[in-house]
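Taken together, the values in this text are just the output of simple stated rules run on the coordinates, not laboratory data. These numbers were taken from a predicted model, which means no experiment stands behind them. So basically every Cβ, Gly included, is an ideal-geometry build from the backbone, and we count neighbours across all protein chains shown.
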Amino acid sequence: MSRLLLISSIFFLCVNANAVSAENESAENEPEKAYTVGVSRYFSTLDADVSADFSGFSVSAAQNFTDNYSLRLTYFSLENDDFVYIDSSGYEVVFHFGTGLRTRGFKAYIGPGYFKDKVSSGDFNGSASGLQVNGGLGYNWDKVALDFVLSYRDASDYQEAYSPSPNNISVDAYSASVLLSYRF
């Protein structure tokens, strides 16, 4: 987790250093787009002794407060890649710091978030929730945006599901998505 925080901090410093030059380069007459609504191909992995991979789709909506700050809400619905009777669904709320969020061109961002994931299989229902670190790269065209988003989740709830004693198995939780959005 400390490596992730270090990488996140370095990334955030680089983004802030480039934010000033990116703002100066953006065209003054170009209208900024404050909102996006999109769909994505979504992947989630629980990495442990026996890993579980899920894939499916998500829908999301974001408000870009400025070119450097935004809030995104995502709902996902996934199916286990190996056992189709195991489903996962939930949501994420993430606050992003970055550059290029409202204007045309390249964008990069990182930020803290909260997730809730419900895993079900027949009569079994389990859930996990907690904090996550989310970051992404993308490009904004006039009306369309394309993003690649990665998340690292707090895996303590998942770890309890894998093992009655949390010290027995180490679990890491990740998610990734390729998001296509409409900008307005």
Original post:
Leaving out same-chain residues fewer than 8 places away, which lysines sit with a Cα under 16 Å from that of Lys33?
Top reply: Lys107, Lys143
Original post:
Which cross-chain or sequence-distant (5 or more) residues have an amide H under 5 Å from the amide H of Gly130, H modelled 1.01 Å from N in plane?
Top reply: Phe115
Original post:
What residue among Val94, Asn68, Gly126 has its Cα farthest toward the positive end of the dipole of segment 49-184, where the charges are +1 on Lys, Arg and -1 on Asp, Glu, each on the Cβ?
Top reply: Asn68
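Quick one: plug the Kirkwood hydrodynamic radius of segment 41-103 (C-alpha pairs) into Stokes-Einstein at 20 °C, 1.002 mPa s, and report D in µm²/s.
Working: Rh = 13.3 Å.
So the translational diffusion coefficient is about 162 µm²/s.
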**OP:** At a Cα cut-off below 19 Å, give the aspartates and glutamates reachable from Lys116, other chains included and same-chain residues fewer than 8 away excluded.
**Re:** Asp47, Asp53, Glu79, Asp87, Glu92, Asp154, Asp157, Glu160, Asp172
Subject >> For segment 89-106, Karplus couplings with θ = phi - 60° (6.51, -1.76, 1.60), whole Hz, Gly/Pro x >> reply: 8, x, 8, 9, 10, 10, 9, 9, 10, x, 9, x, 6, 10, 10, 5, x, 5
Original post:
Sequence-distant or interchain residues sharing an amide H contact under 5 Å with Asp81, placed H: which?
Top reply: Asp53, Phe54, Ser55
Original post:
Using a Förster distance of 30 Å, how high is the FRET efficiency between Lys118 and Gln63, based on the Cβ-Cβ distance and rounded to 0.05?
Top reply: 0.75
Original post:
In whole Å, how far is the Cα centre of segment 96-140 from that of segment 27-85?
Top reply: 6 Å
Original post:
Can you list the equivalent-ellipsoid semi-axes of segment 113-184, largest first and in whole Å, using the square root of 5 times each Cα gyration tensor eigenvalue?
Top reply: 32, 14, 9
**OP:** For segment 19-162, compute Rh as the Kirkwood radius over C-alpha pairs and then the Stokes-Einstein diffusion coefficient at 4 °C and 1.567 mPa s; write the answer in µm²/s, rounded to an integer.
**Re:** 79 µm²/s
Original post:
Quick one: putting +1 on the C-beta of Lys and Arg, -1 on the C-beta of Asp and Glu, what dipole do you get for segment 87-184 around its Cα centre, in Debye to the nearest 20?
Top reply: 660 debye
Subject >> Alpha-carbon gyration tensor eigenvalues x 5, square-rooted, for segment 73-115, Å >> reply: 30, 12, 8
Original post:
If you take the Cα Rg of segment 109-152 and divide it by 2.2 N^0.38 Å, with N the number of residues, what do you get?
Top reply: 1.64
**OP:** Only Cα pairs under 8 Å and at least 6 apart count here; give the relative contact order of segment 95-142 as a rounded whole percent.
**Re:** 41 percent
